[in-house]
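Q: This is the structure I want to talk about, given as structure tokens.
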Amino acid sequence: MSELERQSAALWAQDVEKVYGDATHALRGFSLQIPAGCFFGLLGPNGSGKSTLIGMISGLVRARAGFISVFGCDVVNQAPQARLQVGVAPQDVHLDRFLTTREVLEYHGRYFGMARLEAGRRADELLDAFDLTAKANAKPNRLSGGMRRRLLIARALVHRPRLLILDEPTAGVDLRLRRELWSYVRSLHQEHDTTVLLTTHYLEEAEELCERVGFIRDGELIDQGAVCELVERYGGGDLEDAYTEAMR
Ligand code: ADP
């Protein structure tokens, strides 16, 4: 790997190992490069290591070996710089019930070092982009499920990260809402050239949104490629067939 390649990749994970306790090998020699601007889907069953990887990218979990960089910033040795490059929309809806929608966004901006005025302006911009302006002063319990999901994505974007991680953004969401979220995410990617790392159990979601997809099983990346390449390689009709075959 050249330094130039590492600097320009949105994500560079190399030979990453993680063992919890003595026995649980969560990641094994895991390597993955995501080019800047790519919409990448990471697909694998529960327990395959996706959350561990996301925890490492966001600086919450330490690798035993290997390294990870985000736009050239090492997540361990340059943790503050790396953290600024990454926004994570978590799987579970954790929102402070005492804060309004606008405050959720504004406080997140303040946490990332924005001046009050700038954080407020950025909050308003995102409320508008995610059609939440009418709910700016509402508390999370007054938001619909779809609005709460949108707010989590908006919150992840407050500090303008170049890599957005969407961890099962539509888990348990009905098809209509899922399609609605897809259109927000798609326009975000197209209009702002944000690199996206998506994890999902919905194969049609990955097929719909992702340019490239990786399959992870037992902590190893077992294959990756453009959706059409994977479908062709495994001889199935769609991504679900390819995934099922790869995981066999
Ligand atoms: P996924 O997100 O794909 O479901 P995880 O990264 O959560 O996978 O888990 C990978 C493996 O690591 C699983 O066997 C899981 O039980 C284990 N694991 C995850 N987090 C911890 C933890 N904090 N302590 C111990 N084992 C863990």
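The values are calculated or read from the model by the stated rules, or taken from the named source; none is laboratory data. Keep in mind the model is a prediction, meaning the values are calculated, not measured. Because the Cβ atoms are built from the backbone with ideal geometry, glycine has one as well, and the counts that use them run over all protein chains shown. Accessible surface areas use protein heavy atoms only, side chains included; no ligands, DNA or RNA. Shrake-Rupley method; radii C 1.70, N 1.55, O 1.52, S 1.80 Å.
Q: Just checking, how many residues over segment 189-219 are within 18 Å of Gly49 (Cα to Cα) and open to solvent by 70 Å² or more (accessible area, probe 1.4 Å)?
A: 3
Q: Determine if segment 149-157 includes at least one residue that is exposed (fewer than 15 other Cβ atoms within 10 Å of the Cβ) and either under 17 Å from His192 (Cβ atoms) or of a type outside the set (Val, Ile, Thr) (or both). Can you show your working first?
A: First, pick out the residues of segment 149-157 that are exposed (fewer than 15 other Cβ atoms within 10 Å of the Cβ): none.
No, every residue in segment 149-157 fails to be exposed (fewer than 15 other Cβ atoms within 10 Å of the Cβ) and either under 17 Å from His192 (Cβ atoms) or of a type outside the set (Val, Ile, Thr) (or both).
Q: Among the residues of segment 174-188, count how many are touching a Leu at 6+ places or on another chain (Cβ under 7 Å) and either surrounded by 19 or more Cβ atoms within 10 Å (Cβ to Cβ) or modelled with pLDDT of 95 or more (or both).
A: Step one: of segment 174-188, the residues touching a Leu at 6+ places or on another chain (Cβ under 7 Å) are 182, 185-186.
Imposing the further condition that a residue be either surrounded by 19 or more Cβ atoms within 10 Å (Cβ to Cβ) or modelled with pLDDT of 95 or more (or both) reduces the set to 185.
So the answer is 1.
Q: Among all residue pairs at least 6 apart or on different chains, which show Cβ distances below 6 Å where the first residue, located in segment 223-235, is closer than 16 Å to Cys38 by Cβ and the second is open to solvent by less than 60 Å² (accessible area, probe 1.4 Å)?
A: Close Cβ pairs (under 6 Å, with a partner that is open to solvent by less than 60 Å² (accessible area, probe 1.4 Å)) amount to Gln224/Gly214; Val227/Val213; Val227/Leu239; Leu230/Ala242.
Q: Report the residue count in segment 111-124 for those that are over 21 Å from the mean Cα position of the chain (by Cα) and surrounded by fewer than 17 Cβ atoms within 10 Å (Cβ to Cβ).
A: To start, the set of residues in segment 111-124 that are over 21 Å from the mean Cα position of the chain (by Cα) comprises 113-121, 124.
Applying the additional criterion that residues be surrounded by fewer than 17 Cβ atoms within 10 Å (Cβ to Cβ) yields 113, 115-118, 121, 124.
Of the residues in that region, 7 qualify.
Q: With respect to the numbered conditions (1) surrounded by 23 or more Cβ atoms within 10 Å (Cβ to Cβ); (2) within 8 Å of the ligand (Cβ to nearest atom), which one is the sole condition not fulfilled by Lys18?
A: (1) is the only condition that Lys18 fails.
Q: Also, I was wondering about something else. Six or more apart or on different chains, Cβ under 7 Å: which pairs go from a residue in segment 60-77 that's free of Cβ contacts under 8 Å to residues at least 24 places away in the same chain to one that's open to solvent by less than 20 Å² (accessible area, probe 1.4 Å)? Could you list them?
A: From residues that are free of Cβ contacts under 8 Å to residues at least 24 places away in the same chain, the pairs are Cys73/Ala82; Asp74/Ala82; Val75/Met56; Val75/Ile57; Val75/Ile68; Val75/Ser69; Val75/Ala82.
Q: I'd like to check something: does segment 77-88 contain any residue that is over 24 Å from His108 (Cβ atoms), open to solvent by 30 Å² or more (accessible area, probe 1.4 Å) and away from the ligand (no atom under 12 Å from the Cβ)?
A: Looking for residues that are over 24 Å from His108 (Cβ atoms), open to solvent by 30 Å² or more (accessible area, probe 1.4 Å) and away from the ligand (no atom under 12 Å from the Cβ), one finds at least one in segment 77-88, hence yes.
Q: Oh, and also: Quick one: would you say Leu53 is within 16 Å of the ligand (Cβ to nearest atom), part of a strand (DSSP E or B) and within 21 Å of Glu220 (Cβ to Cβ)?
A: Numbers: within 16 Å of the ligand (Cβ to nearest atom): yes; part of a strand (DSSP E or B): no; within 21 Å of Glu220 (Cβ to Cβ): yes.
Criteria not met by Leu53.
Q: Related question: Criterion first (farther than 17 Å from Thr194 by Cα, in a loop (DSSP other than H, G, I, E, B) and either of a type in the set (Asp, Glu) or more than 16 Å from the ligand (Cβ to nearest atom) (or both)) does Asn46 satisfy it?
A: Details: farther than 17 Å from Thr194 by Cα: yes; in a loop (DSSP other than H, G, I, E, B): yes; either of a type in the set (Asp, Glu) or more than 16 Å from the ligand (Cβ to nearest atom) (or both): no.
When the stated conditions are applied, Asn46 does not pass them.
Q: All but one of (1) out of contact with any helix residue (DSSP H, G or I) (no Cβ under 7 Å at 6 or more places or on another chain); (2) surrounded by fewer than 17 Cβ atoms within 10 Å (Cβ to Cβ) hold for Asn137; state the number of the condition that does not hold.
A: (1)
Okay, residues lined up against (1) open to solvent by 10 Å² or more (accessible area, probe 1.4 Å); (2) within 16 Å of the ligand (Cβ to nearest atom); (3) over 15 Å from Glu211 (Cβ atoms); (4) of a type in the set (S, T, N, Q):
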{"position": "Arg6", "(1), (2), (3), (4)": "yes, no, yes, no"}
{"position": "Ile34", "(1), (2), (3), (4)": "no, no, no, no"}
{"position": "Gly37", "(1), (2), (3), (4)": "yes, no, no, no"}
{"position": "Gly41", "(1), (2), (3), (4)": "no, yes, no, no"}
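Q: Please enumerate the residues belonging to segment 50-70 that are more than 22 Å from Arg149 (Cβ to Cβ), touching a Leu at 6+ places or on another chain (Cβ under 7 Å) and open to solvent by 10 Å² or more (accessible area, probe 1.4 Å).
A: Hit for segment 50-70 is Thr52, nothing else.
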